[in-house]
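Q: Handing you this structure, nothing more for now.
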Amino acid sequence: MQIAERELKKLPAGTWAGPVLSSRPSGDASLQVPPYELFVDDVKRDKETQDKDWRHLTLWGDSQRQARVMVIDTESAESGTAVYRVLGSQGELLARVTRRRGSIFRFARTSWRVEASGGPVLRGRKGHMAGWFLWWLFSPVWAVMLVLIPLGGEFPRMPLTTRWRLDGQEVMHFDEGDYGVVSGWSDARLMQAVAMLHWVHPTVLGDWSRP
């Protein structure tokens, strides 16, 4: 499913190429994740009736929309908690993904729970407790730097690294805009789905950062 450069130039309107998963050098040496991109139909929400965490994605293996891989739909979304259904190419339920939005007022990190149908549960959290502690410790400095943004300054990066774990063992890792697979999981399609859902939740800092 390698996509040539000429194919990327033929993206239909409303479709974009999703993030690429790759094996991390520090992971399982026997694990080989072939890098490929999925074309994504991203239906935008109705801002008057739908929660801001609402998402509807169709993942295709080709730019002509002939090889449907998965559909990600919103089962529920309210009060900072959203549940997404991941459906296979035949409409079968592959997993439910629950995302709980972080809050600076509750000192809560954004968390992910991936429940595979009849399988294991994958859990992920944004950032690390030590990183968030340092972030808040120096928050008065960040406030000063925020004022300098109109003059060309940059807002300091908050902890963005997310690790998804299965029974305490790291399975997938996000950092600096890249997704790395550390160890195998029961269904590789679900890793693609999790990465895609994560990718379509950018932070206020811009599309390069993810919650």
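The values are calculated or read from the model by the stated rules, or taken from the named source; none is laboratory data. If you're wondering where the values come from, they're calculated on a predicted model, not measured in any experiment. Virtual Cβ from ideal backbone geometry, glycine too; neighbours counted across all protein chains shown. Heads up: the accessible areas ignore ligands, DNA and RNA and are worked out on the full protein's heavy atoms, side chains in. Shrake-Rupley method; radii C 1.70, N 1.55, O 1.52, S 1.80 Å.
Q: Modelled label-to-label distance, Asp42 and His56, 7 Å Cα→beta-carbon offset: nm?
A: 1.6
Q: Related question: How much length would be gained if the chain were fully extended between Thr161 and Thr98, taking 0.36 nm per residue of separation minus their Cα-Cα distance, in nm to one decimal?
A: 20.9 nm
Q: Note down the accessible area of Arg68, probe 1.4 Å, to the nearest 10 Å².
A: Its heavy atoms expose roughly 110 Å² to the probe.
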